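The values are calculated or read from the model by the stated rules, or taken from the named source; none is laboratory data. Just so it is clear, the model here is predicted, and its values are computed rather than measured. Don't worry about glycine lacking a Cβ; one is built from the backbone with ideal geometry, like all the others, and counts go over all protein chains shown.
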Amino acid sequence: MVALVALPAFGPDGVVPIVVESPRGAGIKLKYEPRLGAFTVARALPLGLAYPFDWGFVPGTLGADQDPIDALVVHDVGTYPGVVLPCRILGVVELSQRDGRGKRQRNDRIITMPVWHDRLGEFERATDLPARLRKEIEQFFLDTTFFTGKKPKIIGWKSPQKAHLLLKAGEKRYLKQRQQLAVNPAD
């Protein structure tokens, strides 16, 4: 069985697969653990907070934090952990936060919509989403890490093209790491 993180980052016609970790409505953050081939509980969200949309990652990528690049899937239903959703890129929310050593590091979040989704209308870019919804998504990103010491800061919303470049760089980082592990499997 192929590990979910090893799926290709891009499908046909610019479709990006998103692996759902924490579905819409979840009050806990689930994390895919490739070595286990399973999902584990990373932490509970602050009291009263739940994921507004499906949350997961783009497989075949690595972000600056060495985890797969995070993604939010804007649609009106929740799925389940492990579901792979074919999505269109709407944009990216650029965000910085403290790492384990207290140093600021980028942890951008891709904003997507399923290719099969029709109910919310045809959005081409994240900036087409209602302003109130964008502010609530930003606040969610800030609130979910309130007790972690990460102190996130929203930098801004960027275009689908910027998100695509981020994913391409993440794919390159992932392939380089995979190649290094194949050469030095003990690392």
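Summary of computed values
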item	result
Single unsatisfied condition, Ala131 versus (1) out of contact with any Ser or Thr (no Cβ under 6 Å at 6 or more places or on another chain); (2) among the small types (Gly, Ala, Ser); (3) within 23 Å of Ala3 (Cα to Cα)	(3)
All positions within the range 56-84 that are in a strand (DSSP E or B) and either closer than 22 Å to Glu138 by Cβ or among the polar types (S, T, N, Q) (or both)	Gly56, Phe57, Val58, Ile69, Asp70, Ala71, Leu72, Val73
Unique residue being touching a residue at least 40 places away in the same chain (Cβ under 8 Å), charged (D, E, K, R) and within 26 Å of Arg178 (Cα to Cα) when the list is Asp108, Asp76, Asp143	Asp108
Segments classed as strands (runs of 3 or more DSSP E), wholly inside the range 7-49, with at least 3 members that are within 28 Å of Pro160 (Cα to Cα) and within 14 Å of the chain's Cα centre (by Cα)	16-22, 28-33
Scope the range 85-106; condition part of a loop (DSSP other than H, G, I, E, B) and either among the small types (Gly, Ala, Ser) or at pLDDT 95 or above (or both); matching residues	Gly100, Gly102
Selected residue (criterion: farthest from the chain's Cα centre (by Cα)) from residues of the range 66-95 that are buried (at least 17 other Cβ atoms within 10 Å of the Cβ) and small (Gly, Ala, Ser)	Gly78
Candidates Thr79, Thr61, Thr112, filtered to the one that is among the hydroxyl-bearing types (Ser, Thr, Tyr) and in contact with a helix residue (DSSP H, G or I) (Cβ under 6 Å, 6 or more places away or on another chain)	Thr61
Extreme residue, surrounded by the most Cβ atoms within 10 Å (Cβ to Cβ), among residues of the range 26-59 that are within 19 Å of Val84 (Cβ to Cβ) and out of contact with any strand residue (DSSP E or B) (no Cβ under 6 Å at 6 or more places or on another chain)	Ala26
